[in-house]
Amino acid sequence: MEIEIDGKLANVPDGSTIMDAAQQLGAYIPHFCYHKKLSIAANCRMCLVQVEKAPKPMPACATPVTNGMKVFTHSELAVQAQKGVMEFLLINHPLDCPICDQGGECQLQDLAVGYGGSASRFQEDKRVVFHKDVGPLISMQEMARCIHCTRCVRFGQEIAGVMELGMASRNMHSEITTFVGRSVDSELSGNMIDLCPVGALTSRPFRYTARSWELSRRKSISPHDSVGANLTVQVKNNIVMRVLPRDNEEVNECWISDKERFSYEALNSPARLGKPMVRVDGALREVDWNVALDYVAHALRDVVGNSGGESLAALASPQATLEELYLLQKLTRGLGSGSVDFRPRRRDFSADDKLAGVPWLGLRFAEIKDLDAALVIGSFLRKDHPLFAQRLRQLAKKWGKVSLLSVAGDDPLIKLHAQLTVSPADLPRALAAVVKAAARLKGELVPPGLEAVEPCPISEAIASSLLAGEKRALFLGNAAEQNPQAAQLHALALELARLTGASCGFLGEGANSVGGHVAKALPTALNAYEMFAQPRKAYVLLGVEPELDCHNPQQALAALKDAALVVVLTPFADGLVRDYADVLLPISPFTETAGTFVNAEGRVQSFQGVVRPLGDSRPGWKVLRVLGNLLGLPGFDQDSSEQVRDEIAPPGQEFVAGLNNGLAALPLSLAFARSGLQRVADVPIYFADPLARRAPALQKTRDAAAPMARMSAQTLATLRIGDGVPVRLRQADGEVVLTARADETVPAGCVRVAAAHASTAALGEMFGAINVERA
Amino acid sequence: MAILGAINPMLSVGLDGDNAWRLADYVKRGGYRALRRILEGKIPQGDVINEVKKSVLRGRGGAGFPTGLKWSFMPRSFPGDKYVVCNSDEGEPGTFKDRDILRYNPHSVIEGMTIAAYAMGAARGYNYIHGEVWEIYERFEEALDEARAAGFLGAELLGSGFSFDLFAHHGYGAYICGEETALLESIEGKKGQPRFKPPFPASFGLYGKPTTINNTETFASIPYIINIGGEAYLEAGKPNNGGTKLFSVSGHVNRPGNYEVPLGTPFATLLEMAGGMRGGRKLKGCIPGGSSAPVVPAATMMDCTMDYDSISKAGSMLGSGAVIVMDETTCMVRALERLSYFYYEESCGQCTPCREGTSWLYKVLHRIENGQGRADDLDLLASVTTNIMGRTICALGDAASMPVQSFIKHFRDEFAYHIEHKKCLVPVDVQRAGSGFFTA
Amino acid sequence: MLTSESLKRIDREIAKYPADQKQSAVMAALAIAQEEQGWLSSEAIEFVANYLGMAPIAAYEVATFYNMYDLKPVGKYKVSVCTNLPCMLTGGVDAGEYLKKKLGIGYNETTPDGLITLKEGECMGACGDAPVMIVNNRRMCSWMNPEQIDKLLAELK
Ligand SMILES: Cc1cc2nc3c(=O)[nH]c(=O)nc-3n(C[C@H](O)[C@H](O)[C@H](O)COP(=O)(O)O)c2cc1C
Ligand code: SF4
Ligand code: FES
């Protein structure tokens, strides 16, 4: 289709709108309700333009291009229409820009300058709209500013997958609201603040803390999950005031999750560790860096010298930067230990020595939209990977058949093709059933080891969806990677991929789930589980909080308490760490250091610090480098984080090399036996990492509610426990008391008890046996 | 009987007795003969549409769009579901004809819709009935049951291969649902907010499927067209204005009610049928096509014939055929204020010019009516209406603006007097007497 | 929340629409709930939403959009008077004033004994019968001159 806009020619595909064509030409047409990611509402009427031969102005956002169409965006008719609309938008608007939080970044304010009249002809009383309390994240204090563009409503319906805001009533009394007094609970809700073109929806934590023009904008990368969302971090006086998404169509599009948006509050938390500390006579004392580092170097050398290299183990968080992970493993190996890992929540490492390369997503994020079918195995999808779930949601809305095979029936807010929920122990068996169904559908021999499983109609439906169409994908989620039979799941998924031609990959738990492999932060001796199961004399912890981040916190804590030396590199110094740490070294969170995350698709994303390190904290890579020097180890002479990175990933590389999910032969076997009640542990979204845990606003959301012991009504009945009564939960030598809650999404014979929370840290294995009785 | 008079009646022929609405009575009057002829005679779909085209039946819902042409827009070979929908959400002030059609002759609508469904290949239909006329909704449900029981609705009608089922859906108090796409949204269980067009319902209608929407009276006319033939129907009216039409006459006449007359009948005749002006008072102005149509001053009105072309020449619209008659006791400021309150109240709130503009218009008119008018208010009103008209998603914006423009145009002096003297040109007691409430 | 009789009626409404379009029955279901309970509490709206598998806020949008739904308790009888222009010309406004005086309340108010709530309505599609009013959304009363209004009030007990 050929179209002329203000004399400039554009060629656009059939079905494009005038707005599409204008954007292609770089011509700006004023608009409010239009948003490239949302359905077209055409309700604000700001985008009215003149179209040759049309008697009245047409909305550019909704008017399809016809061949040879001539559009005028600045003609008298167009401008008069736009000015008329602007006048209407302003008559009931409070015009309180000087005290409005949106001031300086308000689309209405910007456009009013160009299209608004000078004096108001509206002399009547303005509309009164009451404020609403919709939870700790979004402020709806000034709803009189709302211009009814319904972007927020459409976002909920279309992107978040849940309609929490609506426009109630009609005529000029229409107002945006939740259902009588409800809060907005979507894990993507903060995006509505960005979408709101005026100051109606604003960030509650940010409100009145700064004016937009006082803020400098710096680029960063989200450390919170494996997507590696691109961020703009806004800074005032060396303090992070706000975090916003930065458009990257291939990674996060224009969205971020609430965890990514609001965790920044933790960066300025009083729990931040300001100075190095060393335990002297039983108490932690602040010391200077050179004292602390000398102490650590001596102590490490002593332990290794007296008890051998393998008496030392090092554990990092998958949130650590590529550079930190690399230097940590180098340091550990330099001291003669192969016990280094960055996968604290893993239980089964039997695939480690069979990996054909670096495990990854199996395809690029941008390819998800073209899939015909996808199967996610073992994932609390929405809460573990909000943006990935969003992509699958859009896929399912178009044509893709998305299925979920997991250990809890949480609603992913995706139009699923099929959903199968089984206990963690039965997950391999359920996946095996899909494999078998696929083999049968293809008329192939059933792989050996799977004789005993029988496909059910759901597994058959999943298998057939994976056999149809061109592009299909399998994704192993966090609960699959953390499963005690993770290697079997991996092998079964590969078999299913082979049979169906689907890609196969891992969603990845942390920002560097792929990067840790690239940095070789992998054990050649004890892995993340064994290093606590077989207690070591000394531990180095990097950004990890074992009492919350480990597969078996009970075991980890016991080992740490008994160790002769525990060196902790962390930004925070609150909680249990004060009991077991001998040295606390304050390192910088992601905003205060340069570093690199390699996201699930293998994309290398380096970033710079956006503020100076707080107090005496230092970038982790520098601390490790100095330690290496002090210990006299070779290869610790980098001057910058870039130099460290270049040793791992060649400069200019967009994606890391060696991505491969293959496994050397691993026989399929379904021999896993279990008896009694089994624990299903989710990692609640706002307890998942040290930053989120310390973000006050996130901690006030419903997703941060204290964990309960969730069971199906039938399990409760078998145990003779009532809904809502306190129960004692026991695993090995630890016990906790929680409230029992009937929850039909929990598979039979299972108790869902969240991990990563102080109230459950005394428990053991995430997916192990558990004892429940009335307290 | 509320169809009080007729010339050459079709829709209202033979509606005597309390049971006229029943299936048996309808069949006795020749009902379902047209449907039978089509189905048993296996008349091709295209022929049915052609017959309707020949009749030059124009939509009776307000816009006057040629019905046959509309039907021909429906994709013939579309593989999925298609729908026909009847618009009985009669809420346009002054209009009350569809209520009487459904009350006295519901089967004519059922038969008309079934013929339409056959012609367009739709298997399902809905009739959206105004929420306020509840007994009509209940009666229509009963009529549907009768038709189903007699095999005029359901699977394999009259042994033909054609199946059609029809259901009633009620509104619950929203004028805007008379707008066809708001009506579709409402059937889908949402707020009645009009959709942007294109796409038009013929390609993206109910549940996203091809859909044709017509007014109750339009559908009710179909059996007669099939029975007497398109040409005969056209000749009953005048060129480009086929057939008869029901006019709802309200306001200052002696016998308010519905009258069926051929299009082209002089206004004076209609007025006479309605018993003439109440109390022998003088006609001041008339809104000839429902509240959204521009008001026409007495002299012009008396020269009009009641058809689309003549009324349009007089600067107004035949609309839904609602004739609101106002005599000299009417205060035009108060009349307009009440109308503009209606549009302000009934705006769906979706698009800016309508949501904000209708409230602005009302607030200014309310001020004027209450003696707080300002010298530049009339210019302001005119300017606000220009900023609304043609810039909204649906025609409610225009509907709210046209009365304002026309009242001010034709009765400017009265508005100016109001503003200047802070009171009405027509004394309050004269207005009061005009309503006849206390004297009737 | 609702009686089985009401649920049966709602199920009949659901059956009018394609199987995947249960939401289409929301207007009818809300009307049935209101008929049973006198008004629409948020609990009732949420119940209907869940029954039809839609978001509560979506049902709330519907309940607040159509003005025959009452989101606050009303008297035993709700009398809505049409005052739109065609009715106004033949006494609609006067009828409203007459009722106000008789009942001692204004529009959107309820008599102290909780018997009657008075509402101003928009065009009811019955302008030829003006003045018109509707009792409890169901019963249309035509040609309501003072005498007829007195008769109606005597009946509403
Ligand atoms: C604000 C508004 C209200 C309307 N109300 C009605 C109505 O009550 N009844 C009706 O049949 N058409 C009404 N219409 C017209 C319909 O949109 C549509 O044109 C009509 O139902 C088509 O049927 P027809 O072609 O048979 O006239 C209204 C239109 C607008 C813009
Ligand atoms: S709150 Fe903001 S985003 Fe939502 S409708 Fe109002 S102006 Fe638009
Ligand atoms: S941007 Fe087109 S109408 Fe709002």
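The values are calculated or read from the model by the stated rules, or taken from the named source; none is laboratory data. None of these values were measured; they are calculated from a predicted model. For neighbour counting, all protein chains shown are included, and Cβ atoms are generated from backbone atoms with ideal geometry for every residue, glycine included. Surface areas here come from the heavy atoms of the whole protein model, side chains and all, with no ligands, DNA or RNA. Shrake-Rupley method; radii C 1.70, N 1.55, O 1.52, S 1.80 Å.
Table for the structure above
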item	result
Per-selection metrics, the stretch A:671-764 (Cα): Rg and Dmax in Å	14.0, 46
Relative contact order for the stretch C:4-65, counting Cα pairs under 8 Å that sit 6 or more residues apart, in percent	29
Estimated FRET transfer efficiency when R0 is 51 angstrom, pair residue A:302-residue A:748 (beta carbons, to 0.05)	0.45
Cβ crowding within 10 Å averaged over residues, with A:357-367, A:22-32, A:139-149 ranked highest first	A:139-149, A:357-367, A:22-32
Using a Förster distance of 60 Å, the FRET efficiency for residue B:42-residue A:113 (Cβ separation, nearest 0.05)	0.30
Dimensions (Å) - chain A, Cα atoms, principal axes, largest first	88, 68, 55
Restricting the stretch A:516-556 to trypsin sites (Lys or Arg not before Pro) in coil, as DSSP defines it, with at most 16 other Cβ within 10 Å	A:520
Translational diffusion coefficient (Stokes-Einstein; Kirkwood radius from C-alpha pairs) of chain C at 25 °C, 0.890 mPa s, in µm²/s	147
Zero-based 20 Å bins, Cα pair distances in the protein assembly as shown, whole percents	9, 32, 31, 19, 8, 1, 0
The stretch C:77-156 - Rg (one decimal) and Dmax (whole number), Cα, Å	11.2, 33
A:765, A:324, C:36, ranked by accessible area, largest first (probe 1.4 Å)	C:36, A:765, A:324
Residue-normalised accessible area of chain A, expressed per residue, 1.4 Å probe, Å²	35
Helix-only CD estimate at 222 nm, as mean residue ellipticity for chain A, using -39500 (n - 2.57) per DSSP H run (n ≥ 4)	-7000 deg cm²/dmol
Pairs of alpha carbons in the stretch A:382-476 whose separation is greater than 22 Å (percent)	30
Farthest positive-ward along the stretch A:629-729 dipole, Cα basis, beta-carbon charges - from A:635, A:649, A:666	A:666
Sequence ranges A:99-105, B:10-16, ranked by mean other-Cβ count within 10 angstrom, highest first	B:10-16, A:99-105
Hydrodynamic radius by Kirkwood, which averages 1/r over all alpha carbon pairs of the stretch B:224-381, in angstrom	17.2
Length gained when the stretch residue A:719-residue A:653 is fully extended (0.36 nm per residue, less Cα-Cα span)	18.1 nm
28 Å Cα-Cα reach of residue C:157 towards lysines, excluding residues that sit fewer than 8 places from it in its own chain	C:72, C:76, C:78, C:100, C:101, C:102, C:119
Residue-averaged beta-carbon neighbours from other chains (10 angstrom radius) around B:85-98	4
Positive dipole terminus of the protein assembly as shown, leading residue within A:380, A:706, B:325 (C-beta point charges)	B:325
Part-to-part distance (alpha-carbon centres) for the stretch A:499-565 and the stretch B:136-215, which is given in Å	62
Listed peptides B:184-190, B:302-308, C:150-156, B:92-98 by packing density, highest first (mean Cβ within 10 Å)	B:92-98, B:184-190, B:302-308, C:150-156
Furthest towards positive pole of dipole, B:226, B:182, B:170, structure part the stretch B:156-251, Cβ charges	B:182
Cβ neighbours within 10 Å from other chains - mean over C:128-134	6
Per residue accessible area in Å² of chain B, where ligands, DNA and RNA are left out and the probe is 1.4 Å	32
Electrostatic dipole magnitude of the protein assembly as shown [Cβ: Lys, Arg +1; Asp, Glu -1; Cα centre; debye, to 20]	400
Share antiparallel - DSSP beta bridges, the protein assembly as shown, percent rounded to 5	50
Average partner coverage of B:250-263, which counts Cβ from other chains inside 10 Å	3
Dipole moment magnitude, nearest 20 debye, the stretch C:77-156 about Cα centre, only Lys, Arg, Asp, Glu C-beta charged	160
Long pairs among B:284/B:409; A:126/B:409; B:245/C:16; B:54/B:97, criterion Cα-Cα beyond 22 Å	A:126/B:409; B:245/C:16; B:54/B:97
Beta bridge orientation in chain B: antiparallel %, DSSP, nearest 5	40
Point-charge dipole on Cβ atoms (K/R +1, D/E -1) for the stretch C:4-65, about Cα centre, debye to 20	200
Ellipsoid equivalent to the stretch B:8-103 - semi-axes via the Cα gyration tensor, in Å	26, 21, 14
Accessible area expressed per residue, the stretch C:4-65, with surrounding protein chains retained (probe 1.4 Å, Å²)	37
The stretch C:4-65: equivalent-ellipsoid semi-axes (sqrt of 5 x gyration tensor eigenvalues, Cα, Å)	16, 14, 9
Computed over chain B: relative contact order in percent, which uses C-alpha pairs under 8 Å that are six or more apart	16
Chain A - percent relative contact order, Cα under 8 Å, separation 6 or more	13
FRET efficiency, 1/(1 + (r/R0)^6) with R0 30 Å, evaluated for residue A:97 and residue A:54 via beta carbons	0.30
Spatial extent of the stretch A:612-672: Rg and Dmax, with the Cα atoms as the point set, Å	19.1, 54
Angstrom value of the Kirkwood radius, inverse mean 1/r, which spans all Cα pairs in chain B	22.4
Whole-Å distance, taken between Cα centres, linking the stretch B:1-80 and the stretch A:740-759	63
